[in-house]
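Read-outs: derived from the displayed coordinates by stated rules, not from any lab. Computed from a predicted model, the values in this text were never measured in an experiment. As a convention, Cβ positions derive from the backbone with ideal geometry for all residues, glycine included, and neighbour counts pool all protein chains shown.
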Protein chains: 2
Amino acid sequence: MDKAGQVSMEAIVSLCRRRGFIFQSSEIYGGLNGFFDYGPLGVELRNNIKQAWWRDMVQSREDMVGLDSSIIAHPRVWKASGHIEGFSDPMVDCRVSKMRYRADQLFFAPVVVEGRVLGYVSVLEDVDMQAQAEEAANKLKRKLAVQGSLEALVLQPYAESRPEQWALVPSPATGEPGSLTAPRAFNLMFETHVGALQDAASVAYLRPETAQGIFINFRNVLDSTRIKLPFGIAQIGKAFRNEITPRNFIFRSREFEQMEIEYFIPLGEETWRKAHAEWIQTRRRWLESMGLDPKRLKEQAHPQEKLAHYACACTDILFDFPFGTQELEGIAARGNYDLTQHSTHSGKNLEYHDEVTGERFLPQVIEPSLGVDRMLLAVLCSAYSTDVIDGEERQFLRLHPRLAPIKVGIFPLVKNKPELVQKAREYYERLNRRWNVFYDASGAIGRRYRRMDEIGTPFCITIDYQTLEDQSVTLRHRDSAVQQRMGMEGVMAVVGEAV
Amino acid sequence: MDKAGQVSMEAIVSLCRRRGFIFQSSEIYGGLNGFFDYGPLGVELRNNIKQAWWRDMVQSREDMVGLDSSIIAHPRVWKASGHIEGFSDPMVDCRVSKMRYRADQLFFAPVVVEGRVLGYVSVLEDVDMQAQAEEAANKLKRKLAVQGSLEALVLQPYAESRPEQWALVPSPATGEPGSLTAPRAFNLMFETHVGALQDAASVAYLRPETAQGIFINFRNVLDSTRIKLPFGIAQIGKAFRNEITPRNFIFRSREFEQMEIEYFIPLGEETWRKAHAEWIQTRRRWLESMGLDPKRLKEQAHPQEKLAHYACACTDILFDFPFGTQELEGIAARGNYDLTQHSTHSGKNLEYHDEVTGERFLPQVIEPSLGVDRMLLAVLCSAYSTDVIDGEERQFLRLHPRLAPIKVGIFPLVKNKPELVQKAREYYERLNRRWNVFYDASGAIGRRYRRMDEIGTPFCITIDYQTLEDQSVTLRHRDSAVQQRMGMEGVMAVVGEAV
């Protein structure tokens, strides 16, 4: 924990690895940058997040239906959506070190002393990059033995550099200028070939977002259901982006999973403004209902001038991660740009027919888009807690019971009393029919509680000698560490209510 | 329905499209061969299959844990597993038509009349390919005006052809010989590049199976859990195979999903034989418990000489699909081949340490592997039913309630009586908190039943005037069409018990 009471990324990564939430992909082969594997507890947490979203956003709403489209789609989908043309990041190479950087994450500034330019410094985007740059500038000044006071450094991204600056900016790898290339666009879609021929006609892409799979099925959904505007189509699925610099653990990886909604509405500015505002509220309430700390959630509207040309508005819900306050979910008002594009490119009529007014039109859309992995990371960061119990420091995950991988830990007081074990096994079988529960007979009870606390199990029950007399058990609550004596009916009710 | 009372593939495909279970991927762009999108009902059915498998095979068993590894892994994984070297199908090209065939699905035979070879015929694998070949042979005989009786045609796969035959076998596309190439191996893994450089060092593959993701995490699972042999690691996830001839709807597609288990056991032949037999039973019972018609399930052990060199045994559970009896699930005994390979290639010690005996060894493994899409197709084929009710033919899906996309249809008797609608809405809200249910007020009750029957909804309740008096509803059972009068507590109990 740092001074603000926040957990560090090191603590999260370490817990994830130690307790089997998340591993680096292909670890035994040295790892693969930007790819992750979810272990026994991670996959349960992940599934619980996805199921809670699906239950709350799709199944419990009459105005929503689900979809599961393929990861590889026809390449014309990405032509129409604009991804082939424009889905790229600016990158820059260092010719000497062969290192590669995002040109919008590499910053540089001229070093100026009393009006004279001594040279340039460069730094990689970081919370303290200004300080790093100043240090480098002072070093350069000392090296050149220049007197006088340094002017304030104005850092700018390399993506906005001018050609005459390219040879002057030092490479972050070598510290020397002259080896950086011009910034260039790098398409983030993974490319492959479908069929036996590896030619231009067989090129296909791994989808960089699930959203387009929804738009291309808009007609199919209209034709196979009786759903009427306003309505949404929701999808959970993997997406892939060949990030130049994947970073911050699972926050920005190359293979990730999205939970996306396209919510279709009638035309008109008032209509989309209202729907957009409602979805921001709906999504924020949902994030809070999953146990994310409301104090760590913020909203940020994209400034009008930074929106894509077709977008009406976009508001991000940000979360205060250990590495900074960053986008968790985006809620965009996209007009009817995507349906228009697919209608034009496919030559198919994708219009909605309003049976009451008789109008035919391409609906506008609101797009709330959340990453499963980012959500999972935010959940872990929010849940990570420490306190002191009985004079001993305790580390625990304050996970919402709906999301907890294991709902109940079941312990016989000691493992060498057959009557206790038998009773505990009986209760285990009973609870296991309804929930994912865990039986543990080994070690002191206190240690067993700690093991369950560390992975966020909200309840533990202990079967002791009194149980043999009156069937009651001790129900222990994770967050308060309070223990209550009750019968199994009571346990079933408490757990059933919470999860 | 055909004479044997079996549904045709046309009927299944048509139902899937009409009611929103399954669409061809990228349909508005002419479709993409071998890829499919699951619509609003399809995604629910798919999720229910996956959740039932996960619940029964992972969560309710203490000897199993889950995993979710990345689709793209380090390329050395596929080197070690043997997929780069050997995961290929034989293919053959027609130089004239540019058509491409699986060389093991293209059959040919010499046409012999009284000892004299007139030429060759070729056919694509099909249930009546022998008849097709005979027709072609007779045609050739007539064309050449040869008298005498045709000798029996002995079809053999082109994959086993000899070089001198290549120029003689007619292309299925042109009907003329001389244009077929030699058969050659075609690797089925989709290839892509990770990182900005498209060179040999950046090559990566979309996994052709989920199993290897389990083996490479074997050590991680041992280190992060306290699980002991025998135990299994289970995974559900997408896999990709660049099939030369995808076919039979979702049965053999290029993008599909697997539910795989690697069940690790101690060494010894007796051990694996016993575990293998148990898993065949466990998996077969599970398939039947999901409502698959037991009469349509068969077991087939691979003959010893056809096993991969490392495999001890493999038994397929076959299902009687409309296009033939084909593999649904494979249950392989793979020895410790995979762990040995990954241990050798990674240089990491993957041995299990038995704390009781002190032994260290690489465990053997039993691998039950089921495709989600194949399972879904088998479920639909098994469930598709017709009968006659009140003199009218009815088409319905006899889905197990656990798998049914919608559990209950809720109907007010008429939609223009506010009291009925209000009551029906109240009951809808109540049921909707627990299950995926559907409110429908439009059309005659009989038609509403039929719409629910067609998509396999096991229960419908109707709210009528009597409901307003005594709160009771009519609960109607899909398969029997029997209607019962009961209170909502009774409905909750019946549905809760079934799903």
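Things to note:
- Furthest towards positive pole of dipole, A:Gly148, A:Ala159, A:Ala173, structure part region A:88-186, Cβ charges: A:Ala173
- Antiparallel DSSP beta bridges within the protein assembly as shown, as percent of all bridges there, nearest 5: 85
- Alpha carbon Rg of region B:1-150, scaled by the compact-globule rule 2.2 N^0.38 Å: 1.63
- The mean number of partner chain beta-carbon atoms within 10 angstrom of a residue's beta-carbon across peptide A:347-357 is 1.
- Relative to the longest principal axis of the Cα atoms of chain A, the long axis of helix A:40-54 lies at roughly 80 degrees.
- Think of each Lys and Arg Cβ as +1 and each Asp and Glu Cβ as -1; about the Cα centre, that makes the dipole of region B:1-145 roughly 500 debye.
- For A:213-226, mean number of other protein chain Cβ atoms within 10 Å: 5
- Isotropically averaged projected area of region B:236-319, using the convex hull of Cα atoms (one quarter of hull area), nm²: 7.3
- For A:Arg247, the residues whose amide H sits under 5 Å from its own are A:Arg252, ignoring neighbours fewer than 5 places away on the same chain, with H placed 1.01 Å from N.
- Packing, taken as the mean count of other beta carbons within 10 Å per residue, orders the peptides A:38-48, A:469-479 from highest to lowest as A:38-48, A:469-479.
- Rounded to whole Å, sorted largest first: equivalent-ellipsoid semi-axes of region A:188-288, Cα gyration tensor: 31, 22, 11
- When the helices of chain A are scored as -39500 (n - 2.57) per DSSP H run of n ≥ 4 and the total is divided over every residue, the value at 222 nm lands at -9000 deg cm²/dmol.
- If the segment from A:Lys415 to A:Thr340 were pulled out straight at 0.36 nm per residue, it would be longer than the present Cα-Cα gap by 20.3 nm.
- P(r) histogram, all alpha-carbon pairs of the protein assembly as shown included - 20 Å bins from 0, percent: 11, 39, 36, 12, 2, 0
- The Rg/Rh ratio for region B:88-186, using Cα coordinates for both the radius of gyration and the Kirkwood hydrodynamic radius, is 0.97.
- Unit charges on C-beta of K, R, D, E only; dipole of region B:88-186, Debye: 420
- Note that chain A shows a convex hull volume over its alpha carbon atoms of 213 Å³ per residue.
- Gyration tensor (alpha-carbon) shape descriptor, region B:51-110, a/c threshold 1.5: prolate
- Taking θ as phi - 60° and the Karplus parameters 6.51, -1.76 and 1.60, the scalar couplings of region B:348-357 work out to 9, 7, 9, 5, 8, 10, 7, 5, 7, 8 Hz in sequence order, x denoting glycine and proline.
- On the beta carbon distance between A:Leu124 and A:Val203, with R0 = 41 Å, the FRET formula returns roughly 0.80.
- Peptide B:229-239 is shielded by partner chain Cβ atoms: per residue, an average of 1 of them sit within 10 Å of its Cβ.
- Between the beta carbons of A:His477 and A:Leu144, assuming R0 = 45 Å, the FRET efficiency works out to 0.10 to the nearest 0.05.
- Close amide H contacts of B:Ser25 (hydrogens built in the peptide plane, cut-off under 5 Å, sequence separation of 5 or more or a different chain): B:Leu32, B:Phe35, B:Phe36, B:Asp37.
- Region B:406-498: C-alpha gyration tensor shape, a/c 1.5 cut-off, then a/b vs b/c: rounded
- Taking the charge dipole of region B:406-498 about its Cα centre, with +1 at Lys and Arg Cβ atoms and -1 at Asp and Glu Cβ atoms, the residue from B:Ile406, B:Gly487, B:Thr467 reaching farthest to the positive side is B:Ile406.
- The HN-Hα couplings worked out from phi for region B:320-332 by the Karplus form 6.51 cos²θ - 1.76 cosθ + 1.60 (θ = phi - 60°) are 7, 6, x, 9, x, 8, 9, 4, 9, 9, x, 10, 9 Hz, whole numbers, x standing for Gly and Pro.
- For region A:21-84 and region B:44-58, distance of Cα centres in Å: 17
- Distances between placed amide hydrogens fall under 5 Å for A:Ala239 paired with A:Phe256, A:Glu257, A:Gln258, all partners being 5 or more residues away or on another chain.
- From phi via Karplus (6.51, -1.76, 1.60), per-residue ³J(HN,Hα) for region B:292-299 in Hz, x at Gly/Pro: 5, 4, x, 5, 9, 9, 9, 10
- Label distances, nm, A:Gly148 versus same residue in remaining copies, Cβ-directed 7 Å point: 10.6
- Alpha-carbon centroid distance for the pair region B:147-222 / region B:257-315, whole angstrom: 26
- Within region A:223-277, trypsin sites (Lys or Arg not before Pro) in DSSP loop having at most 15 other beta-carbon neighbours inside 10 Å: A:Arg226, A:Lys228
- Most positive-pole-ward Cα, B:Gln341, B:Ser26, B:Ala200, against dipole of chain B from beta carbon charges: B:Ser26
- Between B:Gln466 and B:Arg394, the simple label model (points 7 Å from Cα in the Cβ direction) yields a spacing of 1.8 nm.
- For B:Val117, B:Val65, B:Val408, order by how many other beta-carbon atoms lie within 10 Å, fewest first: B:Val117, B:Val65, B:Val408
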